Amino acid sequence: MPWCKATNLEDSLKDKLDAQITTDSLVGDNGNTVMVRIGQKRDSDWTYPCITVYQESEDLTSRLYIGSNKRDEKDLMIIEIYATNDKERKYLAKWLSDTINDGWQYYTYAVNPSNPESPLKTIGDWVNVDFLTNNKVKLGQNISEIDANRHRVSVNVWLS
């Protein structure tokens, strides 16, 4: 299936985070490079620390102006941090918010027939960000190790 706006947003954000992790030589307290994944974590094929990104929903409720059928499109993006400890969780949350605060470049992706593992990407608009939440996920006391130091950042994004 071809990419759509939601998957282009996810892949563009992953590209931004991967590039910044490389630039900053970002590693966790355990020495592992921070991994970025698209989609909610549903398997055990990852290591700590890990950041997951996904587009949760699209808001099409507002029109650009009265009488227009053109919508003010905003997407809710969820970014979750899975850290090894509370100190690492706080550091990664600060690093993440600083990294995406100014937005990121939006790309459209397409299948690359000669190399399917490396899709073609075309530069597009700029993604703007409004932070909605940036806090620890609190699930009580008897929680799994996976969720013990989880952090969630939710942002509304739009293209300009």
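Just so you know, all these numbers are worked out from the coordinates, no wet-lab data involved. Because the structure is a prediction, the values reported are computed rather than measured. Don't worry about glycine lacking a Cβ; one is built from the backbone with ideal geometry, like all the others, and counts go over all protein chains shown.
Here are a few things to note about the model shown:
- Counting every other Cβ atom within 10 Å of each residue's Cβ, TRP104, TRP3 order from fewest to most as TRP3, TRP104.
- Evaluated at q = 0.18, 0.23, 0.25, 0.29 Å⁻¹: base-10 log I(q)/I(0), Debye formula over Cα of the stretch 107-160: -0.77, -0.84, -0.91, -1.06
- In Hz, Karplus ³J(HN,Hα) per residue of the stretch 112-117 (6.51, -1.76, 1.60; θ = phi - 60°; x = Gly, Pro): 9, x, 7, 8, x, 6
- Spatial extent of the chain: Rg and Dmax, with the Cα atoms as the point set, Å: 16.9, 56
- Nearest-ten-degree value, helix 86-100 long axis tilted from longest Cα axis of the chain: 20 degrees
- Within the same chain, lysines fewer than 8 places from LYS138 are excluded, and of the rest, those with a Cα less than 24 Å from its Cα are LYS41, LYS87, LYS90, LYS94.
- Net length gained if the chain between ASP130 and ALA6 were fully extended (0.36 nm per residue, minus Cα distance): 43.0 nm
- Across the stretch 7-17, coupling constants 3J(HN,Hα) worked out from phi with the 6.51/-1.76/1.60 Karplus curve, θ = phi - 60°, read 6, 5, 4, 4, 5, 5, 5, 4, 4, 4, 5 Hz, and Gly and Pro carry x.
- Between ASP29 and SER154, full extension at 0.36 nm per residue minus the direct alpha carbon distance yields a gain of 42.6 nm.
- Chain lengthening between THR122 and GLN40 when straightened (0.36 nm per residue, less Cα-Cα): 26.9 nm
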